[in-house]
1. Anything in segment 230-249 that is part of a helix (DSSP H, G or I) and without any contact (Cβ under 8 Å) to a residue 40 or more places away in the chain? List them, or say none.
2. When residues of segment 366-419 are filtered for being farther than 30 Å from residue 298 by Cβ and either in contact with a helix residue (DSSP H, G or I) (Cβ under 8 Å, 6 or more places away or on another chain) or surrounded by 17 or more Cβ atoms within 10 Å (Cβ to Cβ) (or both), how many remain?
3. Anything in segment 420-434 that is at negative phi and surrounded by fewer than 16 Cβ atoms within 10 Å (Cβ to Cβ)? List them, or say none.
4. Return the residues of segment 26-62 that are touching a residue at least 40 places away in the same chain (Cβ under 8 Å) and over 28 Å from residue 299 (Cβ atoms); say none if nothing qualifies.
5. Take the residues of segment 93-113 that are assigned to a loop (DSSP other than H, G, I, E, B) and under 16 Å from residue 71 (Cβ atoms): which is nearest to the chain's Cα centre (by Cα)?
6. Name, by its number, the condition in (1) over 30 Å from residue 253 (Cβ atoms); (2) touching a strand residue (DSSP E or B) at 6+ places or on another chain (Cβ under 8 Å); (3) surrounded by fewer than 16 Cβ atoms within 10 Å (Cβ to Cβ) that does not hold for residue 107.
7. Would a scan of segment 60-77 turn up a residue that is in a helix (DSSP H, G or I) and either modelled with pLDDT of 90 or more or farther than 23 Å from residue 327 by Cα (or both)?
8. Hey, among 186, 131, which residue is touching a helix residue (DSSP H, G or I) at 6+ places or on another chain (Cβ under 7 Å), within 26 Å of residue 397 (Cβ to Cβ) and modelled with pLDDT of 90 or more?
């Protein structure tokens with residue numbers, strides 16, 4: 001591994017010539033940067049990036065190189081550094097066969113070594129930063145990777161797009177590494193302990209935002225909590241108005257709703273139901289998964305990654321890494337299977353979320369076609385009216401590819417099953433859901449370079465059948481607009 005020590009800026013006026021090692025081609029220009037693996041030059045063809053192992057640099061401005069470990073700067077929330085990132089770096093080192101050492105002088109720093117000769121290969125340095133500052137570190141070139149508790153805001157997205165010459169949602173620039181539950185708490189004087197997702201969206205996104213009427217009282221709703229967590233909740237619910245300002249200090253605010261990633265104070269915990277006007281599932285049925293699961297994003301700097309950074313990025317979407325994420329107490333992609341019948345609540349939940357005008361035939365066909373299959377927890381969701389996957393699903397594709405390569409599906413019948421929200425006609429939604437199922441199967445076949453996959457795995461479109469959530473909010477519609485993988 002090599003790194004340039006010295007100032008390139010002073011030598012920018014002097015041209016350099018980059019020559020392929022076999023001498024078959026050369027290009028000249030002004031040297032912009034060298035990161036130890038890649039040269040960037042401004043040439044007559046525009047800005048070019050050239051791999052150092054493929055070319056020879058000639059000219060006075062060519063950097064001298066010296067052996068040096070790869071430096072990987074990560075900006076992240078302090079709680080995630082210790083609870084998630086540091087253990088994953090150690091898992092990565094063990095997976096790659098490296099030895100590693102935690103720095104006693106520099107907290108948050110770990111060095112990876114070649115176990116055969118003891119050469120330092122890479123230094124990971126973790127900084128405690130909130131999501132806003134972590135993204136700023138990416139934009140200002142202070143970090144290679146940023147781990148954020150929320151998605152980029154519109155302003156941050158615009159700045160990142162300008163730097164990256166593309167979209168942050170591109171899987172090469174960002175991934176959803178894990179998810180974590182968000183918990184809601186009311187004030188002790190507020191009797192509300194159960195609300196539906198529709199009521200929560202109305203409380204935070206409508207005017208006036210009010211708690212449900214209870215005991216003849218309806219409190220104004222005020223959202224409080226750490227900035228990252230309140231923004232994560234609003235992004236999850238697709239509520240884009242800023243939280244209402246709290247009344248002045250000293251004014252009684254029983255309508256305060258606090259969001260947190262910590263599950264404490266059970267006596268004031270507010271449970272959120274997915275059902276349409278059903279605050280709770282039947283007592284004999286296991287409740288569905290906690291609905292408020294916020295993604296944790298990993299964002300890469302807009303430059304070519306060096307070798308160990310690339311390997312670390314790829315490792316995070318392997319089954320081994322996702323198993324580690326789950327072991328660490330976060331929600332991961334590690335596949336879980338659910339039957340349509342039984343105590344999972346899947347079928348009961350679908351019935352509770354069925355719109356009054358939904359065809360019972362759609363639900364009946366879902367039960368008939370999926371009987372005997374198990375649903376994988378991995379799903380792919382789409383922007384409304386399109387076959388464009390959201391950011392979570394782009395990362396899921398890469399993980400699914402690795403499951404195929406690892407032989408996870410060998411000896412099993414696999415079916416890609418598409419579902420829709422209830423917008424539009426029932427017949428049209430069946431076709432849309434089928435098209436999306438075909439699109440996911442075709443994308444996986446392309447990633448695997450396997451034409452057989454397109455013919456060997458079944459697809460099914462069930463339209464509005466088997467809804468996961470009520471369709472009366474944008475959040476619920478997004479949950480229902482999905483492609484799932486079912487196995488037998």
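The values are calculated or read from the model by the stated rules, or taken from the named source; none is laboratory data. Note that this is a predicted model, so its numbers are computed, not measured. We place every Cβ from the backbone using ideal geometry, glycine too, and count neighbours over all the protein chains shown.
1. Within segment 230-249, 230, 234 qualify.
2. Selection size over segment 366-419: 6.
3. Residues satisfying the conditions are 423, 425, 427, 428, 431.
4. Within segment 26-62, 57, 58, 59, 60, 61, 62 qualify.
5. 108
6. For residue 107, the exception is condition (2).
7. No, every residue in segment 60-77 fails to be in a helix (DSSP H, G or I) and either modelled with pLDDT of 90 or more or farther than 23 Å from residue 327 by Cα (or both).
8. 131
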